[in-house]
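The values are calculated or read from the model by the stated rules, or taken from the named source; none is laboratory data. The shown structure was predicted, so the numbers you read here are calculated from the model rather than taken from an experiment. Here the Cβ positions follow ideal geometry from the backbone for every residue, glycine too, while neighbour counts run over all protein chains shown.
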Amino acid sequence: EAQVTQNPRYLITVTGKKLTVTCSQNMNHEYMSWYRQDPGLGLRQIYYSMNVEVTDKGDVPEGYKVSRKEKRNFPLILESPSPNQTSLYFCASSFEGGRAGKTQYFGPGTRLLVL
Amino acid sequence: GQNIDQPTEMTATEGAIVQINCTYQTSGFNGLFWYQQHAGEAPTFLSYNVLDGLEEKGRFSSFLSRSKGYSYLLLKELQMKDSASYLCAVRDSMHDKIIFGKGTRLHILP
């Protein structure tokens, strides 16, 4: 089944404790992206990657890191989480070719609470 | 700057038609997307427009005018399960960023 998976789905942590949220897709998509979603602010892009070893900042990259060592995986790293990073996080991927391409498929989301 | 505007909330009646508008200003344009998102769930793809005109897919249609920076999503024969948020998103061709509007929450009344 074609899908984007994220782990963990729920996470409660404390300020300053490094964490990683994993994202994996099995569709051989080139483009992968991380978003956070907050009430009243909508979905905001954190980082995106056009392909392996190519990453770029989205609109809200501060406090986050990513890596793209393999095509299928795009982990999101919070080196020193702070309470303002409490949010719902989505990973998404898309195929870059063809007219119908660039449609993003979203993972199920990760709810993060930073105390 | 880059900006996408859509109404915050709309209400419509079961069986009716509703049109959700989206206006955008971006530094480049490489396609406009509409997604549906039910509360607590991931967004799911509805439509994609890159050329001007109307794209129809069952009960859902989407229209794009690039010169006006305008799109709309048309939902026909509304069903209770259409109660959700509808997200307009634009892919910026200059940076490959994807910018989302804040979403329109649609309420369907019986």
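Here are some notes:
- Of the residues making up the stretch A:89-98, one or more are farther than 18 Å from residue B:31 by Cβ, at pLDDT 95 or above and out of contact with any Gly (no Cβ under 6 Å at 6 or more places or on another chain).
- Test result for residue A:63, away from chain B (no Cβ under 12 Å), loosely packed, with under 15 Cβ neighbours inside 10 Å and either under 10 Å from the mean Cα position of the chain (by Cα) or under 26 Å from residue B:3 (Cβ atoms) (or both): yes
- Any hit, the stretch A:72-81, residues being under 11 Å from the mean Cα position of the chain (by Cα), closer than 19 Å to residue B:46 by Cα and buried (at least 21 other Cβ atoms within 10 Å of the Cβ): no
- Which listed residue is of a type in the set (Gly, Ala, Ser) and assigned to a loop (DSSP other than H, G, I, E, B), from B:16, B:12: B:16
- Any chance residue B:93 is assigned to a loop (DSSP other than H, G, I, E, B) and among the hydroxyl-bearing types (Ser, Thr, Tyr): yes
- Condition met for residue A:105 (at pLDDT 95 or above and of a type in the set (Phe, Trp, Tyr)): no
- Checked against the criterion of being over 24 Å from residue A:41 (Cα atoms), surrounded by fewer than 18 Cβ atoms within 10 Å (Cβ to Cβ) and touching a Pro at 6+ places or on another chain (Cβ under 6 Å), the candidates B:14, B:55, B:77 yield just one match: B:14.
- Criterion (in contact with a Pro (Cβ under 7 Å, 6 or more places away or on another chain) and of a type in the set (A, V, I, L, M)) met by exactly one of B:64, B:87: B:87
- Considered as a group, the residues in the stretch A:12-38 that are farther than 18 Å from residue A:58 by Cα and aliphatic (A, V, I, L, M) include one that is modelled with the lowest pLDDT, and that residue is A:27.
- Selection status of residue B:103, within 14 Å of chain A (Cβ to nearest Cβ) and not β-branched (Val, Ile, Thr): yes
- Unique match (being touching a Lys or Arg at 6+ places or on another chain (Cβ under 9 Å), farther than 23 Å from residue B:35 by Cβ and away from chain B (no Cβ under 13 Å)) among A:70, A:53: A:53
- Residue identified as within 11 Å of chain B (Cβ to nearest Cβ) and in contact (Cβ under 8 Å) with a residue 24 or more places away in the chain among A:37, A:85: A:37
- Close pairs from the stretch B:65-94: first farther than 13 Å from residue B:50 by Cα, partner modelled with pLDDT under 95 and surrounded by fewer than 20 Cβ atoms within 10 Å (Cβ to Cβ), Cβ under 6 Å, at least 6 apart: B:94/B:27; B:94/B:28
- Subset of the stretch B:15-44 that is in contact with a strand residue (DSSP E or B) (Cβ under 6 Å, 6 or more places away or on another chain) and free of Cβ contacts under 8 Å to residues at least 40 places away in the same chain - its residue that is farthest from the other protein chains (Cβ to nearest Cβ): B:44
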